[in-house]
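Taking it in order: structure first as structure tokens, then the write-up.
The values are calculated or read from the model by the stated rules, or taken from the named source; none is laboratory data. Here the structure is a predicted model, which is why all the values come from computation and not from measurement. Positions of Cβ are backbone-derived with ideal geometry, glycine not excepted, and every protein chain shown enters the neighbour counts. Protein only, heavy atoms only, side chains kept; ligands, DNA and RNA dropped before computing areas. Shrake-Rupley method; radii C 1.70, N 1.55, O 1.52, S 1.80 Å.
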Amino acid sequence: MKRNGMCPICYLRKLFVKHPQTSENPKFEDYENGAPLTPPMGWSSWNTFRNRINEKLILDTALAMKENGLIDAGYNYINLDDNWQSSMRDENGDLQGDLETFPRGIARLAKEVNALGLKLGAYTSNGALTCEDLPASLGRENADAYTLAKWGVEYFKYDFCHNIPISSYAPLVYGISVSKFDGNATHYSVHNAVLNGYARFMTDSSLPTGSYVSGLDGNCGDITYNAIEADEDGDYVLTVNIKKQGRYEKYLIAQVNDGKEYEIIFPPQKKPNKTARFQTVISLKAGKNKIKLYNPVTSKADSEMYQYRRMGIALKEATARVAKETDAEIKPIRYSICEWGFGKPYRWGAKAGNLWRTTPDIRPWWFWIKTIYSHNVKLYKYSSPGHFNDPDMLEVGNGKLTYNQNVSHFSLWCMMNAPLILGNDLRKMNDRVKAIVTNKNLIAINQDPLCKQAKRIKKGAVDILAKPLEGGKTAICFFNKSRGRNSSSLNLNRLCDDKYVAMKKQSRYLALDQWNGDKIEIAEKLKVKLEKHQTKVFIIQ
Ligand code: GLA
């Protein structure tokens with residue numbers, strides 16, 4: 001850990017005091033972008049086609065979605081995963097489709113899939129490159145978001161390969177200035193500000209202010225100016241003056257009037273001069289304004305939250321800009337965070353986007369689907385309308401999964417409020433697979449307006465999950481994880497004591513089997529027999 005200009009005693013204190021991670025308890029509002037509030041349904045190219053995608057495949061798949069009744073069943077996104085883009089940005093530095101496999105461009109493809117009743121999705125990475133080492137969007141969020149919005153893209157998956165974390169170090173600030181693009185800057189020394197936390201004045205007579213402030217690293221302190229004057233409401237240039245220190249990147253947020261946050265990245269510093277200045281454009285109101293400078297990044301997870309939020313904001317601004325330019329309604333872009341779960345995105349994902357991957361990549365392997373389920377099922381509290389845990393795209397119909405395994409996989413994803421993004425070859429789907437993924441009852445459970453993820457009521461060879469549904473109904477799922485036949489039972493009266501499930505006690509219950517249509521009337525105990533790897537789902541009313 002670098003001392004980064006801090007007073008030695010503060011530095012020692014900082015070494016021994018652990019500062020809370022900003023992403024553990026983010027103070028932001030939930031991300032709202034006008035996208036539908038139930039989990040997204042669609043298809044993605046990745047699970048089956050990897051780097052073998054082209055325009056014809058996408059259009060054939062779109063047609064297959066229509067002809068197989070998938071669009072009618074609710075699947076309305078067709079998502080290009082990695083490999084849609086050329087390794088070369090265009091002459092303006094913008095993303096463009098692969099010049100060989102998507103020669104007519106992505107805007108045209110979007111229009112063509114729209115004509116079939118589908119919305120187009122696209123993908124890049126929150127890094128220098130995607131996982132296939134193609135152009136990605138870290139540092140180019142605004143431009144890329146605008147390109148996607150202009151093309152009419154309505155779903156965006158943002159991966160995590162080649163990520164470069166934000167630095168937890170802050171620069172040594174000795175003053176700021178504010179101007180109105182007219183060269184007349186008002187200068188504010190750090191002595192005009194209030195210092196909080198570990199922020200300290202350090203003497204340096206070579207600086208115009210005679211001192212700088214250190215101790216802003218890793219959420220340890222801040223500099224707050226309470227009286228920044230502005231003549232009128234509008235945009236202003238904020239210049240941050242720093243003493244150069246060390247060949248490593250630094251980061252600050254300028255928060256204005258306790259609201260909007262503006263990021264400033266300070267590249268590693270060489271020293272032909274002792275000082276440097278970095279700028280951003282901020283919006284001020286007429287009169288006195290408050291500007292707080294701080295670095296909230298204590299960990300990789302904090303960095304991820306800020307970087308994913310940055311893209312989320314860029315997407316919203318881009319869709320609004322395109323709507324204005326074309327005099328049309330805003331076309332929201334569903335924003336899918338693909339961070340693989342390492343930085344606990346379920347804690348901060350709802351503040352940054354619409355859905356967040358909770359695990360590494362799915363594969364069509366039964367043990368792995370069960371492992372993903374076992375992790376994701378525990379996260380039920382983090383799911384809410386418009387914000388979902390994402391245990392990854394479906395493998396139904398892929399690999400060597402048996403019929404029961406396919407049914408279980410689909411049922412569990414429906415119960416867990418997961419996005420239903422198919423990953424099989426829809427041009428060659430057999431009737432059994434089609435019947436699974438178009439099961440109206442299961443889809444209705446997944447799309448229930450309450451958007452509550454099922455809670456695991458019982459863990460064992462047979463797991464039991466309960467998902468509260470609109471109108472006081474409850475979906476109950478029995479999942480036989482074991483290699484043999486099994487039986488299980490659930491006392492419904494006792495289930496009514498569970499506050500999350502919020503089911504009403506009745507003298508008799510009606511259990512409707514959502515896979516085979518059976519109706520069972522019961523007094524108290526719902527009993528089931530299950531084949532190897534079988535799942536049964538009931539609605540209790
Ligand atoms: C990562 C993601 C996958 C897929 C690939 C594409 O591994 O987690 O879902 O998008 O990248 O390269």
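Odds and ends about this structure:
- Scanning the range 263-280 for residues that are charged (D, E, K, R) and either open to solvent by less than 100 Å² (accessible area, probe 1.4 Å) or under 27 Å from the mean Cα position of the chain (by Cα) (or both) returns Glu263, Lys274.
- Within the range 529-536, none of the residues are more than 20 Å from Asn406 (Cα to Cα) and outside the structural domain of Trp413 (by TED's automatic domain parsing).
- The residues of the range 130-145 that are open to solvent by less than 20 Å² (accessible area, probe 1.4 Å) and either closer than 18 Å to Phe102 by Cβ or touching a Phe, Trp or Tyr at 6+ places or on another chain (Cβ under 9 Å) (or both), listed by number, are Thr130, Pro135, Ala136, Ser137, Asp144, Ala145.
- When Arg483 is tested against the conditions (1) over 30 Å from Gly343 (Cβ atoms); (2) not in a loop (DSSP other than H, G, I, E, B), the lone failure is (2).
- Against the conditions (1) more than 16 Å from the ligand (Cβ to nearest atom); (2) open to solvent by less than 30 Å² (accessible area, probe 1.4 Å); (3) part of a loop (DSSP other than H, G, I, E, B), Leu394 satisfies every one except (1).
- The listed residue being of a type outside the set (S, T, N, Q), away from the ligand (no atom under 16 Å from the Cβ) and in a strand (DSSP E or B), out of Lys316, Lys290, Lys331: Lys290
- Candidates Ala435, Ala466, Ala444 - the one that is out of contact with any His (no Cβ under 7 Å at 6 or more places or on another chain) and under 21 Å from Asp498 (Cβ atoms): Ala466
- Selection from the range 355-372 of residues that are within 16 Å of the ligand (Cβ to nearest atom) and not hydroxyl-bearing (Ser, Thr, Tyr): Leu355, Trp356, Arg357, Pro360, Asp361, Ile362, Arg363, Pro364, Trp365, Trp368, Ile369, Ile372
- Pairs meeting the criteria (first residue in the range 129-147 and assigned by TED's automatic domain parsing to the domain that holds Ala320, second residue outside any helix (DSSP H, G or I) and more than 16 Å from the ligand (Cβ to nearest atom), beta carbons under 6 Å, at least 6 apart or on different chains) are Pro135/Arg89; Thr147/Asp94.
- Residues (assigned to a helix (DSSP H, G or I), under 22 Å from the mean Cα position of the chain (by Cα) and under 12 Å from Asp425 (Cα atoms)) located in the range 23-67: Trp46, Asn47
- Check on Leu207, in contact (Cβ under 8 Å) with a residue 24 or more places away in the chain and under 36 Å from the mean Cα position of the chain (by Cα): no
- Qualifying residue in the range 23-30 (condition: away from the ligand (no atom under 16 Å from the Cβ) and buried (at least 23 other Cβ atoms within 10 Å of the Cβ)): yes
- Qualifying residues in the range 106-129 (those that are out of contact with any helix residue (DSSP H, G or I) (no Cβ under 8 Å at 6 or more places or on another chain) and surrounded by fewer than 24 Cβ atoms within 10 Å (Cβ to Cβ)) - the one nearest to Ala352 (Cα to Cα): Gly127
- Test: residue in the range 38-51 that is touching a Cys at 6+ places or on another chain (Cβ under 9 Å) and away from the ligand (no atom under 16 Å from the Cβ): yes
- Output for the range 68-80, where each listed residue is within 15 Å of the ligand (Cβ to nearest atom) and part of a loop (DSSP other than H, G, I, E, B): Leu80
- Here Lys370 does not fit the description of being in a helix (DSSP H, G or I), in contact with a Pro (Cβ under 7 Å, 6 or more places away or on another chain), open to solvent by 20 Å² or more (accessible area, probe 1.4 Å) and farther than 26 Å from Lys111 by Cβ.
Residues checked against (1) surrounded by 19 or more Cβ atoms within 10 Å (Cβ to Cβ); (2) assigned to a loop (DSSP other than H, G, I, E, B); (3) at positive phi; (4) modelled with pLDDT under 95:
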site	(1), (2), (3), (4)
Thr209	yes, yes, no, no
Val213	yes, no, no, no
Asp222	yes, no, no, no
Tyr225	yes, no, no, no
Ile228	yes, no, no, no
Glu232	no, yes, no, no
Val237	no, no, no, no
Asn241	yes, no, no, no
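- If you go through the range 513-535 and keep only what is in contact with a helix residue (DSSP H, G or I) (Cβ under 8 Å, 6 or more places away or on another chain) and either more than 20 Å from Val462 (Cα to Cα) or in contact (Cβ under 8 Å) with a residue 40 or more places away in the chain (or both), you end up with Gln514, Trp515, Ile522, Leu526, Glu531, Lys532, His533, Gln534, Thr535.
- Flag for Glu154 being surrounded by fewer than 20 Cβ atoms within 10 Å (Cβ to Cβ) and over 18 Å from Gln307 (Cα atoms): no
- Tally, over the range 288-305, of residues that are out of contact with any strand residue (DSSP E or B) (no Cβ under 7 Å at 6 or more places or on another chain) and open to solvent by less than 60 Å² (accessible area, probe 1.4 Å): 7
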